[in-house]
1. Restricting to region B:71-83, count the residues that are open to solvent by less than 10 Å² (accessible area, probe 1.4 Å), farther than 30 Å from A:LYS285 by Cβ and out of contact with any Ser or Thr (no Cβ under 7 Å at 6 or more places or on another chain).
2. Can you run down the residue pairs with Cβ atoms below 7 Å, 6 or more apart or on separate chains, where the first is in region B:102-120 and closer than 12 Å to B:THR210 by Cα and away from chain A (no Cβ under 11 Å) and the partner is in a strand (DSSP E or B) and open to solvent by 20 Å² or more (accessible area, probe 1.4 Å)?
3. Tally up the residues in region A:143-175 that are within 14 Å of another protein chain (Cβ to nearest Cβ) and closer than 26 Å to A:LYS131 by Cβ, please.
4. So B:ALA231 clears everything in (1) over 21 Å from A:ASP259 (Cβ atoms); (2) small (Gly, Ala, Ser); (3) buried (at least 24 other Cβ atoms within 10 Å of the Cβ); (4) within 14 Å of another protein chain (Cβ to nearest Cβ) except one condition, right? Which one?
5. Quick one: in region B:297-325, which of the residues that are over 21 Å from B:LEU206 (Cβ atoms) and under 17 Å from the mean Cα position of the chain (by Cα) is surrounded by the most Cβ atoms within 10 Å (Cβ to Cβ)?
6. Please find, among A:ASN205, A:ASN221, the residue that is open to solvent by 10 Å² or more (accessible area, probe 1.4 Å), in contact (Cβ under 8 Å) with a residue 40 or more places away in the chain and within 13 Å of chain B (Cβ to nearest Cβ).
7. Take the residues in region A:84-106 that are open to solvent by 10 Å² or more (accessible area, probe 1.4 Å) and in contact with an Asp or Glu (Cβ under 9 Å, 6 or more places away or on another chain); name whichever of them is farthest from A:GLY248 (Cα to Cα).
8. State all residues of region A:119-142 that are closer than 19 Å to A:PHE93 by Cα and either polar (S, T, N, Q) or open to solvent by less than 20 Å² (accessible area, probe 1.4 Å) (or both); if no residue qualifies, say none.
2 protein chains.
Amino acid sequence: MKNLFTLIFVFFSLTGFTQNQNFAIAIHGGAGTILPENMSPEMEKAYSAKLEEAIRAGYEILKNGGSSLDAVQKTINILEDSPLFNAGKGAVFTHDGENEMDAAIMDGNTLGAGAIAGVKTVKNPISLARKVMEASPHVMLSGKGAEQFAKEQNIELVDPSYFFTENRMNSLKKAKEEEKDQGYSPTPDFKFGTVGCVALDQNGNLAAGTSTGGMTNKKWNRIGDAPIIGAGTYANNLTCAVSGTGWGEYFIRATVAHDISALMEYKGLSAQDAAEEVIYNKMAKLGGDGGVIVLDKDGNIAFVFNTKGMYRASIDKTGKLSVAIYEK
Amino acid sequence: MKNLFTLIFVFFSLTGFTQNQNFAIAIHGGAGTILPENMSPEMEKAYSAKLEEAIRAGYEILKNGGSSLDAVQKTINILEDSPLFNAGKGAVFTHDGENEMDAAIMDGNTLGAGAIAGVKTVKNPISLARKVMEASPHVMLSGKGAEQFAKEQNIELVDPSYFFTENRMNSLKKAKEEEKDQGYSPTPDFKFGTVGCVALDQNGNLAAGTSTGGMTNKKWNRIGDAPIIGAGTYANNLTCAVSGTGWGEYFIRATVAHDISALMEYKGLSAQDAAEEVIYNKMAKLGGDGGVIVLDKDGNIAFVFNTKGMYRASIDKTGKLSVAIYEK
């Protein structure tokens with residue numbers, strides 16, 4: 001009898017059943033030319049602390065048996081409320097000196113999705129995206145109509161001045177100076193990126209969410225990849241959950257998030273291999289820059305980017321926390 | 001020697017080289033509950049004539065060595081200018097009695113794409129989408145910003161009253177009557193559908209385009225699948241060009257257009273089999289309705305829909321014209 005127990009113990013140890021949970025979470029806070037020489041120790045600390053705070057909040061929900069959708073929303077809310085990231089409070093300015101935010105959330109269980117584009121008064125765009133998914137017959141709302149829906153649904157609205165930050169206004173001024181020489185050529189302000197979260201809950205349900213202020217100096221009510229299902233955001237219980245960050249136009253053209261899922265579903269690639277194929281080979285070959293976080297249905301996490309850095313964190317299925325900024 | 005010529009002739013006949021051109025084109029004008037008993041002979045004739053006029057115009061461009069992008073744009077312009085279809089002139093009304101149009105175009109050669117959402121004064125939305133692709137650093141513009149861009153690019157603008165048609169206003173009134181009983185539940189006005197075109201030119205380049213007024217009675221600046229790259233519109237020279245029509249929310253959630261391409265690229269499915277898998281199995285299982293036209297890189301055409309009918313036409317690589325409305 002003792003031998004049997006020992007055998008069972010050894011079996012579970014080898015298969016990892018004693019160590020592994022069946023839930024996990026990963027986040028990003030933007031990818032780009034993030035170099036150690038441009039970061040003060042204080043800034044590094046501030047970013048790392050906020051990433052850790054956010055991911056721990058989401059992890060806590062998963063640990064208590066909450067849904068991956070709740071974990072994604074709560075985690076992103078914390079990043080949206082911080083001026084460090086280009087989403088919510090820290091959103092960048094458009095050419096006209098406004099803040100126009102995009103967000104999307106997707107439920108890997110039902111393939112339900114909600115997305116909003118170009119809202120100016122919604123404190124937490126990801127919460128509105130969730131409400132679009134759950135309380136409207138539509139997937140994607142935009143502009144004033146999305147704000148009207150937010151009002152009807154008692155989503156918190158704020159005066160546009162809430163989104164004013166000195167840093168972002170300086171970025172806009174700098175972009176406009178550069179524009180004088182080279183014409184209108186907005187590039188994503190990579191250092192201050194989009195935020196995103198992917199989570200797998202104890203019921204085996206995946207969810208993905210992305211929230212962003214888009215590109216500094218953007219014009220013409222431009223919509224980026226974050227609210228485009230299959231481009232910057234995608235989740236499917238058959239495969240994985242994905243959130244992207246980077247030069248949105250390339251993410252749309254390469255349908256990055258759905259392509260990663262398709263490579264897993266149809267070619268049997270791992271999350272890591274699928275993400276590398278799409279980011280390094282497909283998206284990069286079009287000329288794009290950026291990265292993705294991918295969480296597969298078994299809780300494996302991949303961080304893949306072709307930039308110098310990506311603000312990121314994860315708590316994997318062994319419960320291990322990782323927080324990182326640079327390439328290595 | 002005579003025998004050799006005969007042999008060569010037989011070879012080319014058998015392989016179809018004497019018959020087949022290397023270009024082809026297909027269009028749709030919406031899918032839905034289109035039943036013979038609800039159509040007068042005059043209406044049938046009007047739809048068929050307009051479909052034929054449009055596809056012949058696109059075909060002429062291809063035959064003369066023009067690009068698939070030009071063929072797609074020109075063909076869709078003709079459908080947009082007709083009040084028969086839910087695009088351009090015949091766009092349906094929103095809840096607020098306005099016309100808000102979406103469109104996208106994609107170049108299978110470069111994976112370049114242009115999309116617009118929610119424009120109210122652009123006579124030919126597909127032409128603006130093309131301009132976004134070629135003259136802006138962005139893929140997707142929306143609302144007033146897209147109209148501002150149109151103005152800067154000398155795209156033809158019209159007074160919103162241009163889009164008023166008695167038929168569409170009656171549809172809105174009817175939808176609002178129904179709403180009184182069942183609450184807000186917009187459904188795509190299937191009988192008057194979105195328009196789309198896929199083309200393959202003599203250089204082997206595929207292109208896809210879609211243009212729509214969206215759903216009758218839509219609210220909150222809803223954006224549908226037509227302008228979402230990978231949902232209602234997609235083109236890739238490696239695989240196929242796709243344009244969709246139907247209940248846009250399901251096309252977005254199932255990333256219909258890119259999924260068809262992915263099944264061809266990664267699993268080697270034919271255009272027909274890939275479209276059937278996505279429309280019959282994936283999209284329909286979510287609860288959606290609609291159809292797609294798919295043109296593969298070798299000029300094979302698939303029309304697949306799970307509705308009672310789809311306005312459609314093609315001129316295939318043998319030069320044969322087909323125009324059809326109903327299921328059989």
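The values are calculated or read from the model by the stated rules, or taken from the named source; none is laboratory data. Every value quoted in this text rests on a predicted model; they were computed, and no experiment measured them. Positions of Cβ are generated from backbone atoms using ideal geometry, with glycine treated the same way; all protein chains shown enter the neighbour counts. The protein model used for the area step is the full one, side chains on, heavy atoms only, and it has no ligands, DNA or RNA in it. Shrake-Rupley method; radii C 1.70, N 1.55, O 1.52, S 1.80 Å.
1. Summing the residues that are open to solvent by less than 10 Å² (accessible area, probe 1.4 Å), farther than 30 Å from A:LYS285 by Cβ and out of contact with any Ser or Thr (no Cβ under 7 Å at 6 or more places or on another chain) in region B:71-83 gives 3.
2. none
3. 12
4. Here B:ALA231 meets the rest and fails (1).
5. Within region B:297-325, the match that is surrounded by the most Cβ atoms within 10 Å (Cβ to Cβ) is B:TYR311.
6. Numbers: A:ASN205 fails: within 13 Å of chain B (Cβ to nearest Cβ).
None of the other options fit; the residue is A:ASN221.
7. Of everything passing the filter in region A:84-106, A:LYS89 is farthest from A:GLY248 (Cα to Cα).
8. A:VAL119, A:THR121, A:VAL122, A:ASN124, A:PRO125, A:ILE126, A:SER142 - these are the residues of region A:119-142 that are closer than 19 Å to A:PHE93 by Cα and either polar (S, T, N, Q) or open to solvent by less than 20 Å² (accessible area, probe 1.4 Å) (or both).
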